[in-house]
Each structure stands twice: as C-alpha cells, then as structure tokens.
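Structure first, then comments.
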Amino acid sequence: MRRMLQVTLHHCAIHRPDTRLINLLKLLAAPACIAVYGLIGLTACITPVKRHVTYESKGTQIGLETDRSTDDQSTPPILNKHPARLTEEEIRTLLGALEVSGWSGTIVGLFETPRPKPVFSVNELQTLAEPFVKAFQEATPRERIFFSLQNPDARYETDRTAGNLFLRDEFLHVTLVDHYGFLKADPGGGEQR
C-alpha cells in the first residue's frame, strides 16, 4: 500500500500539481481516517434514546423512550411486558404507594431522621392516571414510560420530579431521577447536581 501511494504521488509530481495541496492531503489523511473509524465504532456501541411525548400540560410530560436495558437477542430475551392494560385505579394505587426520603446537601441529615414524602401528590395522581394508562397501552416491549413533573409550588424553578416506569417479570420497576421536594445540592465547585 505504501509503495502504491509513493508511485502515485511521484506520477502526480511529473504533471506539476500544487505540492502544497499534496502536503495538506498527506497531513489530513491519517486524522480523517481515524475520525471516521472512531465515529463508526461509537455508533455501533451506543444506541440513541428515542423519546416520544404522549402527554404534555403545564410543565408536565409523560411519554415513551427507548429502554436500553432490554435485549431481545439474549437467552431468554429481556423485554418489558408492554403494551400493558392497567386501570386508572391501579395506577393511582401503585404510584400512590411510592415514597422518597433523604436530605439534599444539608447538614441537617446528620441530626434528624429523614421524613418520607410521597413521590406523587394526590392531585398529580388524579390528573396523571389517565395519561399513564395510555402510555402503558402504547409502549412496546423495548420502551419504557418517562415522566417529568414541574414543581406545582414554584412554577419558574427548574426542580422537577422525573424518572421512568416499566413492567418486567410481573413487577413495576421505577427509576426516580429527581424529586422537586429536595433542593439541588452543590457538591462543591459551584456545579449543581
């Protein structure tokens, strides 16, 4: 391969091409190949999360997203039990039982036992039961339901209750990413978590 390249460049030199252009091409060829191969390799390892909002109102979103924890190529396949037929009452009962507790970036947690807070308020459960039912009915075995709720007491704040839900192996799995009942902590250095 190297000899062919040298011969081709030598042959081009006979026709007196601009040597600056040839030098530039030589300089850029290796990094360009590495970048292309790197991008191809990355796309094979990472599947994008596709999101589809099924409900949106007053700062609240419910929808479907790709669940990367599923694997239909494994033995046995790891898939969600979707679409699922749940009633609004079942949604309110399941989600109404969820509580979260803890402290966010305060020293108070050293001296007091954290008090549990419901993940969803009674009003949120009443309002969101139907959209959750519809999302579970629309979800495929490779999707999960995501939710993001704005703090009803501070409409202009960025604090939210967010997470996702999916049914697998006859259990409701819940991932809570954030809850607006807890202030954002500053772990140091000024960045918020």
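The values are calculated or read from the model by the stated rules, or taken from the named source; none is laboratory data. Small disclaimer: the values here were computed from a predicted structure and weren't measured. No Cβ is skipped: glycine too gets one built from the backbone with ideal geometry, and neighbour counts run over all protein chains shown.
Some observations on this one:
- Which numbered condition T140 fails, given (1) modelled with pLDDT under 95; (2) out of contact with any strand residue (DSSP E or B) (no Cβ under 6 Å at 6 or more places or on another chain); (3) of a type in the set (S, T, Y): (1)
- Single match in A129, A135, A154, A162 (criterion: among the small types (G, A, S) and surrounded by fewer than 16 Cβ atoms within 10 Å (Cβ to Cβ)): A154
- Among (1) in contact (Cβ under 8 Å) with a residue 60 or more places away in the chain; (2) under 20 Å from D67 (Cβ atoms) - the single one F182 does not satisfy: (2)
- G109, sole failed condition from (1) more than 25 Å from Y180 (Cβ to Cβ); (2) at pLDDT below 95; (3) assigned to a helix (DSSP H, G or I); (4) of a type outside the set (V, I, T): (1)
- Residue that is surrounded by the fewest Cβ atoms within 10 Å (Cβ to Cβ) [pool: residues in the range 76-106 that are at pLDDT 95 or above and among the polar types (S, T, N, Q)]: T87
- Restricting attention to the range 62-75, the residues that are at pLDDT 95 or above and either in contact with a Leu (Cβ under 8 Å, 6 or more places away or on another chain) or more than 25 Å from F132 (Cβ to Cβ) (or both) total 1.
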